[in-house]
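The values are calculated or read from the model by the stated rules, or taken from the named source; none is laboratory data. Quick caveat, the model's predicted, so the values are computed rather than measured. Positions of Cβ are backbone-derived with ideal geometry, glycine not excepted, and every protein chain shown enters the neighbour counts. Surface accessibility is based on the protein's heavy atoms, side chains included, excluding ligands, DNA and RNA. Shrake-Rupley method; radii C 1.70, N 1.55, O 1.52, S 1.80 Å.
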Amino acid sequence: MSRRYFICFILVLVIVFLVLGNYIYNLENKEYQNLLKTSTKSKKTNLMVLVEVDKKQLSLIDRENNEILHTYTIATGKSTSPTPLGSFNVVEKAYWGEGFGSRWLGLNVPWGKYGIHGTNKPNSIGWNSSHGCIRMKNRDVSELYKLVPHGTPVIIHGGP
């Protein structure tokens, strides 16, 4: 009889985990949709940058025409120094050089200095290899730098 209770207990646990997991997934998806809605209120530019940490992908989006203009492969933060998630804006543009590659697009992350930049380690692209910043190939970040003005919204999602 105790084996039957044990099996029932395991089945109940599996059902609870499935229901809870689905609830959490739906919550995260709603938060992501809300981030997209709030970022579209910027009046400075029709452009938006969408960073998908889990896909190692950065997309430049024309919000007026609802069109993806460019998609780039990126590197994101290591597990010990993850890329910050949330809705930010480009607040700084610079030529930093050295390990930061050819260009720097600084973000208004309130708890640290994070940005989108090039790299002198092109083999790191596609991996979790940075200290939280978004790394791009130098030619890609140079292109993005020319297209993205100050104030451009940047949404980062899909991370740990």
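Here are a few things to note about the model shown:
- Residue 102 long-range amide H proximity, modeled H, under 5 Å: 118, 119
- Translational diffusion of segment 53-160, estimated by Stokes-Einstein from the Kirkwood radius over alpha carbon pairs at 20 °C in a medium of 1.002 mPa s, is 157 µm² per second.
- When each of the peptides 131-141, 48-58 is scored by the mean number of other C-beta atoms lying within 10 Å of its residues, the order from highest to lowest reads 131-141, 48-58.
- A 1.4 Å probe over all protein chains sorts 69, 11 by accessible area into 11, 69, starting with the largest.
- Evaluating 6.51 cos²θ - 1.76 cosθ + 1.60 at θ = phi - 60° for every residue in segment 132-147, the Karplus couplings come out as x, 6, 9, 9, 10, 4, 4, 5, 6, 5, 5, 5, 4, 4, 5, 8 Hz, glycine and proline recorded as x.
- Once backbone amide H atoms are built at 1.01 Å from N, residue 70 has 60 as its partners under 5 Å, excluding neighbours fewer than 5 places away on the same chain.
- Rolling a 1.4 angstrom probe over segment 94-160 with all protein chains present gives an accessible area of which 54% lies on carbon and sulfur atoms.
- Positive dipole terminus of segment 43-115, leading residue within 99, 76, 50 (C-beta point charges): 99
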